[in-house]
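The values are calculated or read from the model by the stated rules, or taken from the named source; none is laboratory data. Owing to the predicted nature of the structure, the values given are computational and were not obtained by experimental measurement. Here the Cβ positions follow ideal geometry from the backbone for every residue, glycine too, while neighbour counts run over all protein chains shown. Please note that ligands, DNA and RNA were not included when accessible areas were found on the heavy atoms of the full protein model with its side chains. Shrake-Rupley method; radii C 1.70, N 1.55, O 1.52, S 1.80 Å.
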Amino acid sequence: MEIISRKVEQTIEIGQAIGEAVGGGEVIALIGELGTGKTHLIKGMAKGIATGQDDEVTSPTFTLINEYEGRVKLIHIDAYRLENARQLEALGFDEFCEADNVVVIEWADRVWELAAEFEPIEIHLEHAGPTERKIRLDNLPQAMAEKLMCFN
Amino acid sequence: MEKTLILGLESSCDETAAAIVDRGREVLSSVVASQADLHEKYGGVVPEIAARAHLENLLPVLTETFDQANIHPDQLAAVAVAHCPGLTPSLLIAVTAAKTLAWAWNKPLIAINHVHSHLQAVMLEQSQQCFPSVALVVSGGHTSLYNCRSPLELELMGRTLDDAAGEAFDKVAMILQLPYPGGPSIEKLAQLGNPKAINFPRTYLKKGSLDFSFSGIKTAVLYHCRGQNMLGNNRVATMSQQEKADICASFQAAVTDVLVKKTVTAAQKVSAQCVILGGGVAANSYLRKQLQIRCEKLKLQLLVSPKKYCTDNAAMVAGLAWHKLQANLLANLDLEPLPHQA
């Protein structure tokens, strides 16, 4: 599925729809350059998962992992500073990927070897204009795809 | 007056650190694993991101801390540890060590908020009166404004909604293909550039808001270098050093403008007389200078952490712990690391 987000606010809405459709156990891989809206998409997901903390969703580039409690637990990982999949493994990635958690990885291409083992939902983000972003979603569960139809 | 020595431990991010501080001000020793040549001396590893590195560094760091201070554990009044916020597996190392030492040595345990302790760094090795004040903590992981009535009474007034300021420095350095860490690289090159060369956006958010947003300026720099919509060529490889310097200077000026404006707005809002600046980005000379100029104009006293205590260290942890010890705010041995702020 491919969606064009017109602006940041819409990227957050798309993230919220994804968050509303997760049930736990999902691994979501975000792949896209700097400034394509990865963190904003996750802000939306936090809203959809009803963490009540979507304001607090910030980039974990330095802290590597942020955790937010909601309907399910949102584990927000940023692989920007990781050099390889082994380092993600060292952070206890396997332990995060369980039924009560939704694990979202920014810069998943940097740790693809490990992320791929969990057959993640893939979200590719690209610059398509000053505020427009092209968002391609692959390996979507049916319920999530239906939820996102309205943006298509 | 009798000494009150506190051992502080810190492992919330990349640095493994320990320090011994007397009464919140006098630093007897402060050792940080990523700066000392411990790995040569002890044959250990260069700190990396995993908790395993903290584990490997902790004992050599502790040994060095006691050696430098030349004291015995019996002389300690308490053991303190940064237990939040940060990466749980990393925090766990110092927390577990602190609990073990407090139990084995029969000393009180004190739990410290890492971000709050960055503000305590301004008081190390100084004698000024710092409160009440408004404090800006600005680093790779945090950009927060506090209303501080005392070392223990901090009220959050604003924070970043997306990227921290230090993260923006690092990402812009990556765009410009400058060496890591990005903050010092940008500061150095910016000295040769014109801060008015490019008018990068200053994001102030809603009127009166004391929150920050630095993801937009990062994208603005990216577009400046790669063409609008990323459709142009990546010019970075062929840019002159002067053009890169101008981008660095203009970016640094834009980030600084926002930090300075919001900080003095916060100070005026609560009628603070004093402004405190802490965190890794507080080592940036341009930010220090601009904030100093603005504070002088408004007759606000500015207190800045000594540069060596701007980045993560344990002296600030032991420093803040002294105030908690006096207030009898002690932790139990079942203390757990918290990824978020307590």
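For the protein assembly as shown, place one equal point scatterer on every Cα, skip the solvent, and apply the Debye formula. What is log10 of I(q)/I(0) at q = 0.09, 0.10 Å⁻¹? Cα-only, vacuum Debye calculation for the protein assembly as shown: -0.63, -0.78. Normalised size of chain B, defined as Cα radius of gyration per 2.2 N^0.38 Å with N residues, equals 1.02.
Over the range A:45-152, the hull volume per residue, using the convex hull of the C-alpha atoms, is 128 Å³. For the protein assembly as shown, the per residue solvent-accessible surface stands at 41 Å², with DNA, RNA and ligands left out and a 1.4 Å probe. In this structure, the pairs whose alpha-carbon distance is over 31 Å, taken from B:LYS244/B:LYS289; B:LYS3/B:LYS188; B:LYS207/B:LYS308; A:LYS7/B:LYS297, are B:LYS3/B:LYS188; B:LYS207/B:LYS308; A:LYS7/B:LYS297.
What Kirkwood hydrodynamic radius do you get for the range B:126-305 when you take the inverse of the mean 1/r over all pairs of distinct Cα atoms, in Å? Computed over Cα pairs of the range B:126-305, the Kirkwood hydrodynamic radius comes out at 16.7 Å.
Legend: residues B:ASP170, A:ASP100, sorted from most to least accessible area (1.4 Å probe; ligands, DNA and RNA excluded), read A:ASP100, B:ASP170.
With only Cα atoms counted, the range B:299-342 has Rg and Dmax values of 14.3, 46 Å. Around B:LEU189, under 12 Å between beta carbons, what's the net of Lys plus Arg minus Asp minus Glu among the other residues? Net local charge, B:LEU189 excluded: -1.
Estimated from helical segments only, the mean residue ellipticity of the protein assembly as shown at 222 nm is -11000 deg cm²/dmol, where each DSSP H run of four or more residues counts as -39500 (n - 2.57).
Exposure check, 1.4 Å probe, all protein chains in place: B:THR88 carries approximately 40 Å² of accessible surface.
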